[in-house]
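To start, the structure itself, in structure tokens.
The values are calculated or read from the model by the stated rules, or taken from the named source; none is laboratory data. In this text, all values refer to a predicted model and were calculated from it rather than measured experimentally. Here the Cβ is made from the backbone with ideal geometry for all residues, glycine too, and neighbour counts use every protein chain on show. These area figures cover heavy atoms from the full protein model, side chains too; ligands, DNA and RNA do not enter into them. Shrake-Rupley method; radii C 1.70, N 1.55, O 1.52, S 1.80 Å.
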Amino acid sequence: MQPKKSEPVHNWSFVFPNDANPQGTMFGGKLLAVMDIVAGIAAARHSRTRVAVASIDSITFMAPLHVGDMVEVIACVVWTGKTSIVVKTDVFGEEPCTGTRKHCISTHFIMIAIDENHHPTPVPPLLVETEREKSAYAAAELVKKRALAQRDMIELPLPRS
Ligand SMILES: CC(C)(COP(=O)(O)OP(=O)(O)OC[C@H]1O[C@@H](n2cnc3c(N)ncnc32)[C@H](O)[C@@H]1OP(=O)(O)O)[C@@H](O)C(=O)NCCC(=O)NCCS
């Protein structure tokens, strides 16, 4: 397969009242759902297959989004394995009247390309050229290794009483 260059996917939306938690800031679960979709689109546009999320790296909510804020989610393929694709996903809030921007979240989604039988299927290798791409690639490689180590440490569920 020919190496492919990464094409970032940008998604803009407003925080609506029905996106909010009781404190009036955006509900984290809703934001994660948007990030998951945008990351999935970036991965699927790279592999041109269906994709499934295998793992999400740790998430820190650094700044709240308020009702009426604009939200930009940027997803960019930064690493590929044989069947896996790591997508760096960044979230920014922007206050519409002042243009003040805040960095809310950055994390990595690990997506697996799957075929019609839901089996992992090979993806085109990522073309990595610039220094920025090389450094994002190195960071994502660590994320992938960490995710596999964490998977191997998952404890069995407690027995049902
Ligand atoms: C993701 C899934 C398809 C992987 O299938 P699998 O049979 O375990 O896959 P394999 O062991 O053959 O590994 C395939 C790739 O996935 C990677 N992988 C599997 N589990 C992983 C994990 N927890 N974290 C990171 N990478 C993982 C492997 O490293 C491998 O990557 P590579 O081909 O680039 O080397 C399967 O575990 C699954 O369906 N999980 C549920 C997905 C889901 O429901 N997501 C939410 C909705 S989309």
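Among the trypsin sites (Lys or Arg not before Pro) within the range 99-161, those in coil by DSSP and having at most 10 neighbouring Cβ atoms inside 10 Å are R160. Summing charges over all other residues whose Cβ lies under 13 Å from the Cβ of A43, with Lys and Arg as +1 and Asp and Glu as -1, gives +3.
The GluC sites (Glu not before Pro) found in the range 52-124 that occupy coil by DSSP, while having at most 11 further C-beta atoms within 10 Å, are E116. Distance from the alpha carbon centroid of the range 3-18 to that of the range 48-109 works out to 8 angstrom. Put simply, the amide H of L126, placed in the peptide plane, has neighbours under 5 Å in K4, T80, leaving out anything fewer than 5 places away on its chain.
Across the range 86-101, coupling constants 3J(HN,Hα) worked out from phi with the 6.51/-1.76/1.60 Karplus curve, θ = phi - 60°, read 9, 10, 7, 10, 10, 10, 10, x, 9, 6, x, 7, 9, x, 5, 10 Hz, and Gly and Pro carry x. In degrees from 0 to 90, rounded to the nearest 10, what is the angle of the helix 131-153 Cα long axis to the longest principal axis of the chain? For helix 131-153, the angle is close to 80 degrees. P(r) tail for the range 9-153: Cα pairs beyond 21 Å make up 46% of the total. With the simple model of a label 7 Å out from the Cα in the direction of the Cβ, F27 to I59 spans 1.3 nm.
Pairs of lysine residues in the range 76-161 that meet both criteria, 8 or more places apart or on different chains and Cα atoms under 24 Å apart, total 9. With the simple spin-label model, which puts each label point 7 Å out from Cα in the Cβ direction, the L156 to H119 separation comes to 2.9 nm. Using a probe radius of 1.4 angstrom, the carbon and sulfur fraction of the accessible surface of the chain is 59%.
The sum of -39500 (n - 2.57) across all DSSP H runs of n ≥ 4, divided by the residue count of the chain, sets its helix-only mean residue ellipticity at 222 nm to -9500 deg cm²/dmol. Accessible surface comparison of I59, I110, probe 1.4 Å, protein chains only, largest first: the order is I59, I110.
Taking a probe of 1.4 Å, how large is the accessible area per residue of the chain, in Å²?
That works out to 61 Å² per residue.
GNM remark for the chain: springs join alpha carbons under 10 Å apart, and the peak mean-square fluctuation among A44, A20, A140 falls on A20.
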